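Take a look at the structure set out below.
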Amino acid sequence: MSKEGMSRRGFLRGAALTGAGVLMAGAAVGCSPKAAESGAANAETVSGGGASPAHRWQSEAAAAWRTPIDPIADDQIADGGTFDVVVVGGGQSGTWCARSASMNGASVAVLETQSEADFLYVGGEVGTVNCQWALEHGATEIDREDFMNELFRRNAGRSNQRLIRDYVYHSGEYLDWALEDLDDPDWLNDPANVHVFSADHSENMVMDPSGYKYYLGTVNFRPAAETGAPTWNWGEKVMKHHRDKAIEDGTQWNWAYRALYLEKDDSGRIAAVIAQKLDDETYHRFTANKGVVLAAGDFSADEDMLRDINDEYRHLAESYGNIEAAAAGSMFGVRNGDGLKMGVWAGGHVEVGPRAGMNTGQVGTGAPWGPGFVILNQSGRRFCDECAGGAEGAGYMIPRQPRGYVVSIADANWREVVEKMPPCHGGIDQTNGVSYNSLESNAAKIDAAQPSSEADENGLFCANTLEELLDAIGIYDDDQKATALAELERFNGFAANGKDEDFAMDPRILKALDTPPFYATVAASDAISMGLCQTAGLDISSEHEVLDEMLAPMPGLYSIGNNSGNRYIVNYATPLSGMSLGFCLTEGMTLGKKLAEA
């Protein structure tokens, strides 16, 4: 297609409609976005605006990021090539899409903002359903319909159920293929490299505490010695292998190219991506004959996007009277929401809320014994069933407590509870011979704690009585301390009777705190977290097509991974940890093959 056939006005039409709808919402006060992380391009050509007000409420934050940048003059844009598929983002889902499309005969270009030297595949837990390798290494077979029903229930019926079905029926077979293609059985059979989360679990493990069902199926690729390690075996071994294979199949991997915006042809179809090569700031047009795939990840590093899209995060900060509490950042790489912005500027629609983030707005206790243990708030009172919903159950309740601190408490028999908790988020990995968040490594921390008036180097308090423990913690006044002691006595009574009359904790988990020494961790109740990533994004169909404001597919435009939504609603509280990477694998493989065969 010639440059003349590409409509810059088409780009502006879709963008102007989206921006105008936001601007009409009115303006108030909010907060300024931080400067982009490393790899950001020239602000005048990419960011689309100057300095922002110091404080900004939702409507202004929305207008700031939803207002499109000005298109680049045509005579400044070089031809980057014409391909069947152009993938924006070379991370988890983008790599799988490129691999699948190229192995099925499509010509593919990948645009990745980071340089090859700086790039990192993030994550190491891969949750799939009925992967044969996992079943042979300690996982249990999952009833697919039961799993779908559990996930639908957790999402309050709001997720795209066809997307969930594709994951449930195909994720396991895709992971089996991905591992078999490594052709390295010795590496795969070494638990120091890869193992099933809690494969060596106790026979007392409860897979449905307080009615929340969990499943054994997460394959953990984290290194056995995690301390100080910047990478995961999943990325270093598996993802790099398949990226190299995609390149061998002809994929053009463009490092340090930041995609800026999309172009439509005269029919209104998305037909090209305009990108900037960051080392020389030149502009290039990458034309796609079959489809553009947005796989650029989430928007954790963009405060305007966080405060506009993640409602719970913004609402919590507003309830504190401090919008700055809803801060942005990026744990790994560049997560500035470029893919989501481009989709919206072209006319795409952001999924309807409640919108989820992975641990966003959650507060953890930092306890090495994980979920399932008594938690007291600043008033000295329990406030939830501590075993329901894994770490998310209490984690999302903590910010709703009186300002101050929360305390997680265990006793000398803490193992009895840990061994009963399932492989949920925040749960302790019971597989033998691994160190990351394992029963062995956490036991070493707890066993090292000694009675003292101060926390040890691991943040643990230890005492011979519950009263001495509360004194050592030092967060309670006399009245609060009395309330806390009475609450613990009440809890122990419930445990003795096998019935939690306050919050209905599962009686199989319910255990008295009656054996010294006693242990505790303390966390600030209002230390809300940005989370690992955002899981809200563009509205997509079950075929991964980006939907417009009328919720109709936009020809030529697709979205996968955390660039898209419709998977996790309310929060990322899944019955299987590692589902995010499992979804990236499933969506990328499925869409890549579909586009190649189109």
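The values are calculated or read from the model by the stated rules, or taken from the named source; none is laboratory data. Everything numeric here is computed off the predicted structure, so don't read it as measured data. Note: ideal-geometry Cβ built from the backbone for every residue, glycine included; neighbour counts use all protein chains shown. Ligands, DNA and RNA are stripped out before the accessible areas are found, and what is left, the full protein with its side chains, is counted by its heavy atoms. Shrake-Rupley method; radii C 1.70, N 1.55, O 1.52, S 1.80 Å.
Heavy-atom accessible area of TYR167 with all protein chains present, probe 1.4 Å, nearest 10 Å²?
TYR167 exposes around 0 Å² with every protein chain in place.
When the accessible area of the range 88-142 is computed with all protein chains present and a 1.4 Å probe, what percentage of it is carbon and sulfur? Could you put the intermediate results ahead of the total?
Working: 680 of 1610 Å².
It is 42 percent, rounded to a whole number.
Using only alpha carbon pairs under 8 Å that are at least six residues apart, calculate the relative contact order of the range 507-575 and give it in whole percent. Show your work: numbers first, answer last.
Numbers: 61 pairs, mean separation 19.0, N = 69.
About 28 percent, as a whole number.
When the Kirkwood radius is taken over all Cα pairs of the chain, what Stokes-Einstein diffusion coefficient follows at 4 °C and 1.567 mPa s, in µm²/s?
Details: Rh = 25.1 Å.
It comes out at roughly 52 µm²/s.
So for the range 222-368, Kirkwood radius off the Cα pairs, Stokes-Einstein at 10 °C and 1.306 mPa s: how many µm² s⁻¹? Don't skip to the answer; put the middle values down first.
Details: Rh = 18.5 Å.
In µm²/s, the coefficient rounds to 86.
Where nothing but the Cβ of Lys and Arg (+1) and of Asp and Glu (-1) is charged, how large is the charge dipole of the chain around its Cα centre, in debye to the nearest 20? Spell out each step's value before the answer.
Numbers: 46 positive and 86 negative charges, 329 e Å.
Once rounded to the nearest 20, the dipole reads 1580 debye.
Taking the mean number of other Cβ atoms within 10 Å as a proxy for protection, how do you rank 498-506, 188-196, 348-356 from highest to lowest?
Working: 498-506: 15.7, 188-196: 18.8, 348-356: 20.6.
By packing density, highest mean first, the sequence is 348-356, 188-196, 498-506.
Could you give P(r) for the range 386-456, binned at 5 Å from zero, as whole percent values over all Cα-Cα pairs?
Taking every Cα pair in the range 386-456, the percentages come to 3, 13, 20, 23, 19, 16, 5, 1, 0.
With +1 assigned to the C-beta of every Lys and Arg and -1 to the C-beta of every Asp and Glu, and no other charges, what is the dipole magnitude of the range 375-444 about the Cα centre in debye, to the nearest 20? Before the final figure, lay out each step's value.
Values: 6 positive and 8 negative charges, 82 e Å.
It comes to approximately 400 debye.
Once you have the alpha carbon radius of gyration of the range 524-598, what is it after dividing by 2.2 N^0.38 Å, with N set to its residue count? Intermediate results must be reported in sequence, preceding the final value.
Details: Rg = 14.6 Å, N = 75, 2.2 N^0.38 = 11.3 Å.
Relative to the 2.2 N^0.38 Å estimate, the range 524-598 comes out at 1.29.
What number comes out for the charge environment of GLU487, summing +1 per Lys or Arg and -1 per Asp or Glu over other residues with Cβ under 11 Å away?
Details: positive: ARG381, ARG382, LYS481, ARG490; negative: GLU489, ASP502.
Net of charged neighbours comes to +2.
Using only helices, what value at 222 nm comes out for the chain when you add -39,500 (n - 2.57) per DSSP H run of length 4 or more and divide by the total residues, to the nearest 500 deg cm²/dmol?
-9000 deg cm²/dmol
Quantify, in whole percent, the carbon and sulfur part of the accessible surface of the range 503-598 (1.4 Å probe; protein heavy atoms only). Write down the numbers at each step before the final one.
Working: 1620 of 2650 Å².
After summing per-atom areas, the C and S share lands at 61 percent.
Projected onto the charge dipole of the chain (+1 at Lys/Arg Cβ, -1 at Asp/Glu Cβ, origin at the Cα centre), which of ALA199, ALA527, GLY357 gives the Cα projection farthest towards the positive end?
GLY357
Mean Kyte-Doolittle of at least -0.5 and a Cα length of 24 Å or more along the axis: which whole DSSP H helices of the chain meet both?
On the way: long enough: 161-180 (29 Å, -0.69); 478-497 (29 Å, -0.59); 579-597 (27 Å, 0.42).
Qualifying helices: 579-597.
Can you give the three extents of the C-alpha atoms in the range 124-231 along their principal axes, from longest to shortest, in whole Å?
Principal-axis extents of the Cα atoms in the range 124-231, largest first: 41, 33, 28 Å.
Grab the other residues whose beta carbon is less than 14 angstrom from that of GLY211, score K and R as +1, D and E as -1, and report the net.
Numbers: positive: ARG153, ARG154, LYS213, ARG508; negative: ASP146, GLU150, ASP208, ASP385, ASP500, ASP506.
Charge balance in the 14 Å sphere: -2.
Apply the a/c threshold of 1.5 to the C-alpha gyration tensor of the range 323-463 and tell me whether it is rounded, prolate or oblate. Mind dumping the intermediate values first?
Numbers: a/c = 2.20, a/b = 1.77, b/c = 1.24.
It is prolate, given that a/c is not under 1.5 and a/b is the larger ratio.
Over the range 444-509, what lengths in whole Å, largest first, do the semi-axes of the equivalent ellipsoid take, defined as the square roots of 5 times the eigenvalues of the alpha-carbon gyration tensor?
Details: eigenvalues 127, 59, 16 Å².
Gyration-tensor ellipsoid for the range 444-509: 25, 17, 9 Å.
As a test question: what accessible area, to the nearest 10 Å², does ARG66 have when a 1.4 Å probe is rolled over all protein chains in place?
40
If Lys and Arg each add +1 and Asp and Glu each add -1, what is the summed charge of the other residues whose beta carbon sits under 11 Å from the beta carbon of GLU545?
Working: positive: LYS594; negative: ASP539, GLU543, ASP548.
The answer is -2.
Order 253-263, 579-589, 312-322 from most to least packed using the mean count of other Cβ atoms within 10 Å. Don't jump to the answer; show the numbers that get you there.
On the way: 253-263: 23.3, 579-589: 27.7, 312-322: 17.3.
Top to bottom by mean Cβ count within 10 Å: 579-589, 253-263, 312-322.
Where does the range 293-339 land on Rg/Rh, using Cα atoms and the Kirkwood Rh? Display every interim value, and only then the final one.
Working: Rg = 11.5 Å, Rh = 11.1 Å.
The Rg/Rh ratio comes out at 1.04.
Computing the accessible area with a 1.4 Å probe over protein heavy atoms, can you report the carbon and sulfur percentage for the range 262-308? Show your work: numbers first, answer last.
Details: 450 of 1140 Å².
About 39 percent, which is the carbon plus sulfur part of the accessible surface.
Please express the Cα-Cα pair-distance distribution P(r) of the range 174-305 as a list of whole percents, one per 5 Å bin, running from 0 to the bin with the greatest distance.
Per 5 Å bin, starting at zero, the Cα-Cα P(r) for the range 174-305 comes out as 2, 7, 11, 13, 13, 14, 13, 10, 8, 5, 3, 1, 0 percent.
Using 24 Å as the Cα-Cα cut-off, could you pick out the over-long pairs in LYS277/LYS594; LYS237/LYS290; LYS237/LYS341; LYS277/LYS593; LYS264/LYS594? It would help to have the intermediate numbers written out before the result.
Working: LYS277/LYS594 29 Å; LYS237/LYS290 30 Å; LYS237/LYS341 32 Å; LYS277/LYS593 28 Å; LYS264/LYS594 21 Å.
Over 24 Å apart, Cα to Cα: LYS277/LYS594; LYS237/LYS290; LYS237/LYS341; LYS277/LYS593.
Relative contact order of the chain: what whole-number percent is it, with Cα pairs under 8 angstrom and at least 6 residues apart? Walk me through the numbers before you get to the answer.
On the way: 1418 pairs, mean separation 137.0, N = 598.
Answer for the chain is 23 percent.
In the range 60-216, what is the volume of the convex hull around the alpha carbon atoms, normalised per residue and reported in Å³?
Details: hull volume 33.5 nm³, N = 157.
With only Cα atoms used, the range 60-216 gives 214 Å³ per residue.
P(r) for the range 419-482: what percent of alpha-carbon pairs falls in each 10 Å bin, starting at zero?
20, 34, 31, 14, 1
At 1.4 Å probe size, with every protein chain present, just tell me what the per residue accessible area of the chain comes to in Å².
Details: 22360 Å² over 598 residues.
Ligands and nucleic acids excluded, the figure is 37 Å² per residue.
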